[in-house]
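Sending over a structure as structure tokens; questions will come in a sec.
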Amino acid sequence: MQSNSNRALKTKAPLCEAVTNRVGVGHALVDDCSAQQACAAIILHARQKSHPAYVITPNAQHVVLLEKDPRFRQVYRDADLVVPDGMSILIAARLYGRSLKERVTGVDIFQTLCARAAETGLHVFLLGGRQGSAEKTASVLLDKFPNLRISTYCPPWGFEQTAEGLEATASQVRAAAPDLLFVALGAPKQEYWIYEHGLRLGVPICVGVGGTFEIVGGIVPRAPSWMRDAGFEWLYRLCAEPSRMWRRYLLGNVEFAWIVLKQGLRRIYLGMFLRLMDKGSFAAELREAGLLRGDHVLESLATVKAGAVPEPQHNNT
């Protein structure tokens, strides 16, 4: 992974300035913004041809993967916008006593962004999906938005494992020079590719959209709105594709619940610790712990809370 060079390529700044609140669910730090705010920020960034940025749409599966995957966690830490795709993320936030405005699903923002792109002359690129799904999605979108500038490419299975496959994919994107790149390779593969390769292609915005092309293209039916609003979209998808989805939903949802429960307990302990800190209840033991652990942040925090005056900086000039 080439994370250091990727960070040099990206100028870290808030993609959506409306975000003033973030909620941690597992290892995902989720931005609290509406779909309207997210889409407006993405379109503005694309129109300004700004530095390459990327958007992640977490759900319960992402949270489970993040628990075991340091590489995926790095991708999340450097993301420019992280919006809650899954209802499970909103439910977890509520259980923690926090809140997120609404679901910002990959399927919905994909269609909204394509509509805005058609209005503003932006060029979109659909990468990945099942064989033929990107082309079907492009056809559906062009029926709705005849002015949309759109390109597609479905790389062969395992393309990311060879230099030739990676270069062929990069060449397709570079030749099209899109403003918005939607990557549908499944998690975490699509996020890896965006982070390690997509950001190098000069596209202002990359968005991982999972199975969006199959839904918009009509290959896989989408759950009714009442099921989505009630948080049962996973059950609909499980019934629609049981052999493909049973492990992700039956086992994955249990893992997700366990992660949320453990984090809830940690939040209780963290709250107690912070209250003790605010009251100045710790004596020298907190600084001692920082010294023993070699934790300079903890040691400095203990010093400040104890009311110590910072040591003066000596000027040798």
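The values are calculated or read from the model by the stated rules, or taken from the named source; none is laboratory data. Just so it is clear, the structure is predicted and the values come from calculations on it, not from any experiment. Positions of Cβ are generated from backbone atoms using ideal geometry, with glycine treated the same way; all protein chains shown enter the neighbour counts.
Residues to consider are Ile150, Ile194; find the one that is touching a Leu at 6+ places or on another chain (Cβ under 7 Å), in the same structural domain as Val64 (by TED's automatic domain parsing) and either at pLDDT 95 or above or outside any helix (DSSP H, G or I) (or both).
Only one candidate passes the filter, namely Ile150.
Let me ask another. Looking at (1) touching a residue at least 40 places away in the same chain (Cβ under 8 Å); (2) assigned to a helix (DSSP H, G or I); (3) farther than 28 Å from Trp234 by Cβ, can you tell me which one Ala170 breaks?
The single condition Ala170 does not satisfy is (1).
Could you please let me know if Gln48 is out of contact with any Phe, Trp or Tyr (no Cβ under 7 Å at 6 or more places or on another chain) and crowded, with 16+ Cβ neighbours inside 10 Å?
no
Moving to a separate point now. Looking at Glu135, Glu119, can you tell me which residue is in contact with a strand residue (DSSP E or B) (Cβ under 6 Å, 6 or more places away or on another chain), of a type outside the set (A, V, I, L, M, F, W, C) and in a helix (DSSP H, G or I)?
Glu135
Related question: Suppose we filter the stretch 43-92 for residues that are in a loop (DSSP other than H, G, I, E, B), closer than 21 Å to Trp193 by Cα and of a type in the set (S, T, N, Q); how many remain?
Total satisfying the criteria: 3.
Just one of (1) crowded, with 16+ Cβ neighbours inside 10 Å; (2) at pLDDT 95 or above trips up Pro70, so point out which.
Only one criterion is unmet by Pro70, namely (1).
Let me confirm something: among Ala60, Ala46, which residue is among the aliphatic types (A, V, I, L, M) and out of contact with any helix residue (DSSP H, G or I) (no Cβ under 6 Å at 6 or more places or on another chain)?
Ala46
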